[in-house]
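Quick notes on the structure that follows.
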Amino acid sequence: MPVAQVLFGLLQNHFFWPAQCRQKKEKTQPNLGITVGVLDSKLNTDRPTSLFEFTHGIDLDQHVGPYEVQTQKAWVLGLHKAGVITDAEQKQALSGLEEALQLLLSGQFEFKVEDEDIHMNLERFLTERFGQLGKKLHTGRSRNDLIATSLRLMVFAHLEEIKTFTKNLISSLESFAQKSGDVVVPGMTHLQNGQPVLFSHVIRSYKSAFERDNFRLQQAQSAAKDTLPLGAGALAGTDQNIDLELLCHELGFLRVCQNSYDSVGDRDFILDALNAYASMAVHLSRLSEDIIIWASSGFELIKLSPNWSTGSSMMPNKRNPDIAELSRAKSAQVMGAASMAMTLLKGLPTCYASDLHELKRVYLNSFSQMLAMAGVYPSFVNSLEVNAIGAEQLRNKGHILATDVASHLVQQGLSFRDAYIKVAELVALAEASQRQIHQLPTSDWTTVLGDEMGLGFVDQLDFQTSIQARKQPGGTGSN
């Protein structure tokens, strides 16, 4: 199971516990009932517990933990090559980090809020096991370049999971399109019947949209691993002789950062990911809206599976498309997160600021919504069935062969605009007699078109012929 799914399973409700469930502590406890943190000194012994509670990032950093271990393992290799630690110390440090990783993945790693974040909690963990070695490992690095690197690794991995979601959804849409066979439905603009199309053509339109989303996800992945922040230090760069190219290769980055001051505060890669999620969420929301409409009593174009729909507590006849409705709502949160992230970043000075802690919250909420939809949406689409009877009833509304009539008249020498006007008159006659245009009697055709216009095409008017006439690449007949 992917790391993100493990962590979100452990921490799913951690961010949003109701107030009555949260533990309350005394306002000030100068190191009473709270152990001394890694960063504590004689200068800050009277810090209140509420300071730690407000400033710590542990609830968010638990998600970053496995990727932080990966970052720190690479730094251990750099310290060893630079001669800061010995062979034995490198082996110990890597072993300790691996132990921490397993504890993180199982939800058993002990976090202490007085250590503020994942970085210092790992340092305490290693110091408790290896003494002075644990204190050496922060040599030449800062929490600023650590988190900038670990976040990039995390976002890269998350994007891979959403790419898998996209591919599964595309596969489900293709299966649904194939199941729909040659069923013809009215293609719509403005939610008004327009022209005949294969229902498979409509379904595959979403395939095209999600393929574009997959491309955007790939671009966001490239951005996440474009430049390596590790080695940028707090802001000015490391003063240790660390082989940054080694670290770059070890962590799978394209190149070392070109400016340390920019690198520690750069979160453009998060914006790229959030915007890719938001784009996909737009398409998920529109697909959900279509499914809700298609399954409604007014359309009855598709049938919902009883296994993938919900009912009413009062009305035993109901079958509700809750997955589509909730996905429509979750998509709004994903789109909102992209806007919120830009708003958070726009007022920050260059380089690092603690505001960036909260950007993790914005990002993780967006990803959690995408992950939730990933768990159900492909299977939901696989469960849908087309209703051929409903499709037949729909296509016999709205005079959807009217454009084909205009095309036949053009073939007989009329300009398109003149043909358009003639067909509009035929539509008016059809509506007055409560018929569809292709159901008009010969007398009505003659009244509008005259005796000189050949009417042989009238007997050829049907939905499949209309489909077959549109075989140009991208047309409904090319499916």
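Odds and ends about this structure:
- The mean sequence distance of close C-alpha pairs (under 8 Å, at least 6 residues apart), as a share of the length of region 321-428, puts its relative contact order at 23 percent.
- In plain terms, the chain from Ser208 to Lys167 could stretch by 13.6 nm, reckoned as 0.36 nm per residue minus the Cα-Cα distance.
- Across the chain, Cα pairs under 8 Å and at least six residues apart give a relative contact order of 14 percent.
- Against the main long axis of the alpha-carbon atoms of the chain, helix 199-224 sits at an angle near 20°.
- Taking amide hydrogens as placed 1.01 Å from N in the peptide plane, the amide H of Val386 sits under 5 Å from those of Lys303, each at least 5 positions away in sequence or on another chain.
- Efficiency of FRET between Glu174 and Asp46 - r from beta-carbon atoms, R0 60 angstrom, step 0.05: 0.40
- With a Förster radius of 30 Å applied to the C-beta separation of Ile293 and Arg417, the computed FRET efficiency comes to 0.35.
- Average projection area in nm² (convex hull over Cα atoms of the chain, one quarter of hull surface): 30.7 nm²
- Label-to-label distance, nm, for residues given as Asp268 and Ser443 (7 Å Cα→Cβ offset): 7.4 nm
- Here the sum of -39500 (n - 2.57) over DSSP H runs of 4 or more residues, divided by the residues of the chain, equals -19000 deg cm²/dmol at 222 nm, to the nearest 500.
- Degrees, to the nearest 10: 416-432 long Cα axis against longest axis of the chain: 80 degrees
- Projected over every direction and averaged, the convex hull enclosing the alpha-carbon atoms of region 314-423 yields 15.4 nm².
- Partner lysines for Lys112 [C-alpha distance under 27 Å; skip if fewer than 8 residues away on the same chain]: Lys24, Lys25, Lys27, Lys42, Lys73, Lys91, Lys135, Lys136, Lys360
- The simple spin-label model puts a point 7 Å past each Cα toward its Cβ; for Lys303 and Leu254 those points are separated by 5.0 nm.
- Inter-label distance, Lys135 to Glu425: 9.9 nm, where each label sits 7 Å from its Cα along the C-beta direction.
- Straight-distance crosslink candidates among aspartates and glutamates, where the alpha carbon sits under 20 Å from Lys163 and sequence neighbours closer than 8 are dropped: Glu174, Glu211, Asp213, Asp226, Asp268, Asp272
- Long-range HN-HN contacts of Asn320 with modeled amide H, under 5 Å: Thr310, Gly311
- By DSSP, the beta bridges lying fully in the chain are antiparallel in about 80 percent of cases.
- Cα Rg, Dmax (largest Cα-Cα span) when computed across region 140-258, Å: 22.7, 69
- Overall Cα dimensions of region 36-145, principal axis frame, Å, largest first: 42, 34, 24
- Under-5 Å amide H pairs with Leu228, H placed in peptide plane, nonlocal only: Arg255, Val256, Cys257
- Region 399-470: projected area of the alpha-carbon convex hull, averaged over directions, in nm²: 4.4 nm²
- Here the chain is treated with +1 on each Lys and Arg Cβ and -1 on each Asp and Glu Cβ, and its dipole about the Cα centre works out to around 440 debye.
- Estimated FRET transfer efficiency when R0 is 56 angstrom, pair Thr350-Thr403 (beta carbons, to 0.05): 0.45
Here, each number is a calculation from the coordinates, and none is a lab measurement. Since the structure is predicted, the reported quantities are computational estimates derived from the model, not experimental observations. Cβ: placed from backbone, ideal geometry, glycine included. Neighbour counts: every protein chain shown.
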